[in-house]
1. For the subset of the stretch 232-284 comprising residues that are under 30 Å from V217 (Cβ atoms) and of a type in the set (S, T, Y), which member is modelled with the highest pLDDT?
2. Hey, among I251, I269, which residue is buried (at least 18 other Cβ atoms within 10 Å of the Cβ) and either under 21 Å from G108 (Cβ atoms) or more than 16 Å from the chain's Cα centre (by Cα) (or both)?
3. For S150, state whether it is over 23 Å from the mean Cα position of the chain (by Cα) and either under 18 Å from A71 (Cβ atoms) or not in a loop (DSSP other than H, G, I, E, B) (or both).
4. Quick one: which residue in A141, A126 is under 20 Å from G220 (Cβ atoms) and without any contact (Cβ under 8 Å) to a residue 40 or more places away in the chain?
5. So A171 passes all but one of these: (1) touching a strand residue (DSSP E or B) at 6+ places or on another chain (Cβ under 6 Å); (2) farther than 29 Å from D247 by Cα. Which condition number does it fail?
6. Residues to consider are V63, V47; find the one that is closer than 17 Å to Y134 by Cα and β-branched (V, I, T).
7. Filter the stretch 169-198 down to residues that are of a type in the set (S, T, Y) and in contact with a Leu (Cβ under 7 Å, 6 or more places away or on another chain) and give me whichever is farthest from H274 (Cα to Cα).
8. Answer yes or no: is there a residue in the stretch 188-204 that is polar (S, T, N, Q), within 24 Å of G114 (Cβ to Cβ) and modelled with pLDDT under 95.
Amino acid sequence: MNFILNYIPWSPNPVLFSFGSFEIRYYSLFFALGFILGYTIIHRLVVKEGENPKLLDSFLIYVVLGTIVGARLGHCFFYDWEYFSKNPLEIFLPVRFEPKFEFTGFRGLASHGGAVGIIIALILLAYNQKKSIYWYLDKLAVVVPLAAMSIRLGNLMNSEIVGDPTNLPWAFQFKLMDESEGDPLAPRHPTQLYEALSYLAIFAFMFWYYGKKHGKVLHGHLFGVFLILMFTFRFILEYTKINEGIDEDAILNMGQILSIPFVLAGIAIAYVRHKAVKTTEITK
């Protein structure tokens with residue numbers, strides 16, 4: 001750390017270990033860890049509530065596939081369609097063909113697309129298991145912030161999704177960042193840490209709120225609250241990031257534009273599902 005120069009040098013090797021051209025990155029480790037922790041917590045919630053844990057037999061597979069497919073398509077369509085429209089095979093393959101062939105992994109993932117992918121996957125799962133989709137979504141509302149925190153820590157190790165230049169004493173100098181995004185020597189907001197800490201706080205709140213409200217509101221209310229918190233924080237923190245996927249002079253960037261529908265949907269779901277319980281209580 002070098003507070004005298006008003007920045008923190010940051011240049012960790014993003015590769016944990018490699019076998020020839022095949023690499024295992026910290027990002028992959030954090031990504032997997034987020035899903036494992038989330039599944040473990042949900043399993044305990046289900047057992048504690050007296051539900052059949054066999055309902056979760058296919059849950060992890062659906063969520064992982066929904067996350068990866070949705071996040072990948074979200075990145076390709078919303079953030080880099082100009083490139084992928086000319087290289088469509090790279091949407092589905094973890095390689096790059098130009099300027100030379102190389103194994104890259106799926107480095108381009110968008111959280112908004114992942115959210116949509118998860119919801120679609122759970123709609124299919126709920127239909128197959130004859131269970132309310134809100135039953136699954138309320139439990140995901142508790143653990144998704146924890147998984148999101150893990151993913152942002154992976155982004156930090158990759159020196160990606162960096163912030164705008166700043167003179168704040170905790171600014172990071174991302175020496176290994178992609179030079180197409182700006183000057184690697186400029187001190188910048190560590191937006192990955194901002195988001196990781198925000199998501200950890202949201203996880204703590206949702207864990208507490210679930211324990212307080214479970215059984216007292218209709219399924220879906222907790223998911224609505226989660227959407228409000230998660231994407232409101234995302235909208236605010238986008239102001240510290242490099243503008244991606246849209247004109248630099250635009251008032252809102254792509255991440256903010258995509259966050260607004262989720263916040264509005266969260267408000268509607270939380271209100272309607274909570275109001276339904278109040279109406280039922282009055283009727284009784």
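1. T232
2. Result: I269 is the single residue among I251, I269 that is buried (at least 18 other Cβ atoms within 10 Å of the Cβ) and either under 21 Å from G108 (Cβ atoms) or more than 16 Å from the chain's Cα centre (by Cα) (or both).
3. Numbers: over 23 Å from the mean Cα position of the chain (by Cα): no; either under 18 Å from A71 (Cβ atoms) or not in a loop (DSSP other than H, G, I, E, B) (or both): yes.
No, not satisfied.
4. Working: A141 fails: without any contact (Cβ under 8 Å) to a residue 40 or more places away in the chain.
Only one candidate qualifies: A126.
5. It is condition (2) that A171 fails.
6. Sole residue among the options that is closer than 17 Å to Y134 by Cα and β-branched (V, I, T): V63.
7. The selected residue is T191.
8. Within the stretch 188-204 (the criterion being polar (S, T, N, Q), within 24 Å of G114 (Cβ to Cβ) and modelled with pLDDT under 95), the answer is no, since none of the residues qualifies.
The values are calculated or read from the model by the stated rules, or taken from the named source; none is laboratory data. Please read all numbers here as calculations on a predicted model, not as lab measurements. When we count neighbours, we look across all protein chains shown, and the Cβ atoms used for this are built from the backbone with ideal geometry, even at glycine.
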